[in-house]
Each structure stands twice: as C-alpha cells, then as structure tokens.
Amino acid sequence: MIEGERRMAACEARIVELKRSKQDTTEAEAELDAMRKDQRILEQDRQRLLGHLQP
C-alpha cells in the first residue's frame, strides 16, 4: 500500500512537470488513473481480509 502511494505521488509530480513544460499529459494521466484503480482494489481487499481477522 505504501509503495503504491509513493508511486502515485511520483506520477502526480511528473504530470505537474509535464504541464509546466506544456507537454502532453495524456499517457501519464491514464497511468495515474490505472494506479488509483489498482490502489482502491488493494485497499478493498486489505479491508476485507482485516474484517475476516477480527472476532
């Protein structure tokens, strides 16, 4: 989870830099969107597993 957050932050920073230099951000934004979706799925799975561990 932490690594995913770090990677998303790096991707967000890259998008900001691309925008500053007036470059196309389409691919980077698509990558970030995919990362966010994956991160949500991982978080849902994590919560589900934690729920099974609680009495």
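Summary of packing: across the peptides 3-15, 39-51, the per-residue average of other C-beta atoms within 10 Å ranks them, highest first, as 3-15, 39-51. For the chain, the carbon plus sulfur part of the accessible surface works out to 54%, probe radius 1.4 Å. Counting 0.36 nm for each residue step from ALA10 to LYS22 and taking away their Cα separation leaves a gain of 2.5 nm. Once the Cα atoms are used to define both axes, helix 26-53 deviates from the longest principal axis of the chain by about 10 degrees.
In angstrom, the C-alpha Rg and Dmax of the range 4-55 are 15.3, 54.
Determine the sum of side-chain charges near LEU18: Lys and Arg each +1, Asp and Glu each -1, restricted to other residues whose C-beta is under 12 angstrom from that of LEU18. Once positives and negatives cancel, what remains is -2. Give, as a single signed number, the net charge of other residues whose beta carbon lies under 13 Å from the beta carbon of GLY51, with Lys and Arg counted +1 and Asp and Glu -1. Combined, the nearby Lys, Arg, Asp and Glu give 0.
The values are calculated or read from the model by the stated rules, or taken from the named source; none is laboratory data. All values derive from a computational prediction rather than experimental measurement. As a convention, Cβ positions derive from the backbone with ideal geometry for all residues, glycine included, and neighbour counts pool all protein chains shown. The area values use the complete protein model at the heavy-atom level, side chains included, leaving out ligands, DNA and RNA. Shrake-Rupley method; radii C 1.70, N 1.55, O 1.52, S 1.80 Å.
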